[in-house]
Structure formats: C-alpha cells, structure tokens
1. Scan the stretch 188-201 for residues that are modelled with pLDDT of 95 or more and out of contact with any strand residue (DSSP E or B) (no Cβ under 8 Å at 6 or more places or on another chain) and jot them down.
2. Based on what the data block shows, is residue 258 at pLDDT 95 or above, surrounded by 14 or more Cβ atoms within 10 Å (Cβ to Cβ) and in a helix (DSSP H, G or I)?
3. Taking the stretch 207-238 as the region of interest, how many residues are touching a strand residue (DSSP E or B) at 6+ places or on another chain (Cβ under 9 Å) and more than 18 Å from residue 263 (Cα to Cα)?
4. Listed residues 164, 204; which is outside any loop (DSSP other than H, G, I, E, B), surrounded by fewer than 16 Cβ atoms within 10 Å (Cβ to Cβ), at pLDDT below 90 and assigned by TED's automatic domain parsing to the domain that holds residue 141?
5. Give just the number: which of (1) out of contact with any helix residue (DSSP H, G or I) (no Cβ under 8 Å at 6 or more places or on another chain); (2) under 17 Å from residue 118 (Cα atoms); (3) touching a residue at least 12 places away in the same chain (Cβ under 8 Å) does residue 199 not satisfy?
6. Out of 137, 152, report the one residue that is outside the structural domain of residue 271 (by TED's automatic domain parsing), touching a residue at least 60 places away in the same chain (Cβ under 8 Å) and not in a helix (DSSP H, G or I).
C-alpha cells in the first residue's frame with residue numbers, strides 16, 4: 001500500500017472538508033437559532049421614581065412601585081417583552097428616549113404639542129386634577145393667591161409651565177417633587193403645583209402641609225400618556241392594551257392598589273363625563 005505523503009494528506013483532508021461544506025449547503029438547511037420567546041425582547045422603560053403614587057422606590061428596597069410600574073409590567077407581559085426600568089430626572093426622559101437609550105416612557109408624562117413634535121404618544125390613560133400644596137393654615141387655594149410669591153414644581157413638567165403662564169409668580173423648578181415639598185415646609189416656597197393624587201400622598205406623609213384641588217377642565221396637556229419614538233409600530237398595540245385595561249377592570253385595580261379605594265372612586269366619578277376621557 002502506497003504511503004500518504006504529508007502533502008497528499010493535506011490534500012485529502014482539504015477535499016473532505018470541502019465535500020462536507022457542500023453537503024451542508026446543498027443538503028437540509030439548518031435554521032438559525034430562534035430567540036427564546038418566553039424571555040421576550042428587552043424593553044427599556046424610562047421613569048422618574050420621585051412621583052408617587054405613579055412611580056417611587058419601595059422603602060428599604062431597590063424595587064420600583066406605583067401605578068405606572070404596574071401598567072408597564074402589564075403591557076410588557078401582554079407584548080412578550082422583558083422589562084428593564086431606567087430611572088432618571090424627569091427633564092432627562094425625553095432626551096433619553098430620543099437618543100434610543102430607552103424604548104418607551106411610562107412616567108406620568110403629558111402629551112404636550114411641543115413633545116408631540118419629536119415623540120409619539122398613546123391615548124391618555126390618566127386624567128389628573130391639579131392641586132396646590134402649601135403650609136398648614138396658609139390657605140393658598142388658587143393661583144391668584146400666589147401673585148408676588150414664590151411657587152415651585154418639578155423641572156420640565158406641565159405644572160411648571162402652568163405656573164409661568166399664570167404671570168406674577170416667581171417660579172422655581174426643582175429636580176424632584178419631594179424637593180418642592182421640602183422647600184414648602186422650610187418656607188423657601190409659598191406653594192407648589194402637583195397632580196392631586198400625588199399631592200394627597202405628600203399631605204398624608206406630612207402633617208404640616210395642606211392641599212387644595214384646583215377646579216377646571218382637564219385638557220390634553222394635563223393628561224398622562226405613554227411616550228414612544230416617532231413612528232413607532234407599538235403605538236396602536238399599546239392603545240389597544242390600555243383600552244383593554246380600562247374595560248376589564250385591570251386599571252381600576254391598579255389605581256385602588258396605589259391610591260386607595262375612596263380616592264379611586266372619587267377620581268373615576270370625576271372623569272366619568274369628561275369628553276377627553278371617553279373610550
């Protein structure tokens with residue numbers, strides 16, 4: 001038997017490998033491994049965790065809690081997404097979404113005309129009443145009573161915008177709503193403008209402040225909606241799921257969990273006849 005030289009051995013091996021590759025190409029095709037559907041695609045949700053009862057950090061833990069957190073988790077489950085929250089200052093939410101560092105904002109954000117130029121929004125899921133917080137006994141129950149005084153709101157919010165639009169008020173924008181409350185308590189601010197449900201949480205936690213709900217129609221700029229990148233394919237899907245949550249009682253359960261049954265019932269009664277809140 002003729003011995004194989006080193007050169008002929010390499011030729012034989014190369015020919016064999018080529019034949020195997022050709023069989024792989026012409027034979028049964030192997031599909032690329034599919035992503036695990038049970039895990040779902042990562043879904044980065046931008047939030048500002050200083051806005052109870054919509055989003056906050058559970059005391060003594062690193063866990064997020066609130067109305068928006070539960071809504072986000074419901075949507076993620078229905079859309080087969082693996083949720084990941086990213087926490088930041090409210091003023092950083094829009095730039096973060098625009099830059100692609102988040103997939104969505106679910107953080108009590110209002111669909112103002114300015115924001116709608118650069119982002120898409122779902123239909124509103126919450127229709128807040130506004131409230132002023134002041135020191136106990138100050139009885140500041142209208143914007144008119146803030147003329148010539150200092151008032152605060154969280155930076156970049158529609159509440160800060162409304163205070164400025166009122167005129168005659170020295171407006172101070174702070175990084176978070178708890179900082180606004182702190183400045184009211186220590187006398188640096190005469191009052192602050194908040195969502196009424198959030199204001200109720202702060203008053204419950206601080207016996208030395210009081211709240212006054214402001215009367216007036218709820219407009220689009222006051223509502224809370226979900227922000228998505230411009231031309232997002234998920235907008236209509238999220239709209240359908242938000243409608244589902246309102247009709248199947250899921251949103252009601254979430255509101256009761258974080259706002260209490262009495263406050264939720266009062267809220268739902270107040271928005272019942274609002275044209276903007278109709279499904």
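The values are calculated or read from the model by the stated rules, or taken from the named source; none is laboratory data. Note that the coordinates shown come from a computational prediction; the quantities given were computed from them, not determined experimentally. Counting neighbours? That spans all protein chains shown, and the Cβs are built from the backbone with ideal geometry, glycine included.
1. Matches in the stretch 188-201: none.
2. Values: at pLDDT 95 or above: no; surrounded by 14 or more Cβ atoms within 10 Å (Cβ to Cβ): yes; in a helix (DSSP H, G or I): yes.
Criteria not met by residue 258.
3. The qualifying residues number 15.
4. Details: 164 fails: at pLDDT below 90.
Criteria check complete, one pass: 204.
5. (2)
6. Numbers: 152 fails: touching a residue at least 60 places away in the same chain (Cβ under 8 Å).
One residue alone meets the criteria, 137.
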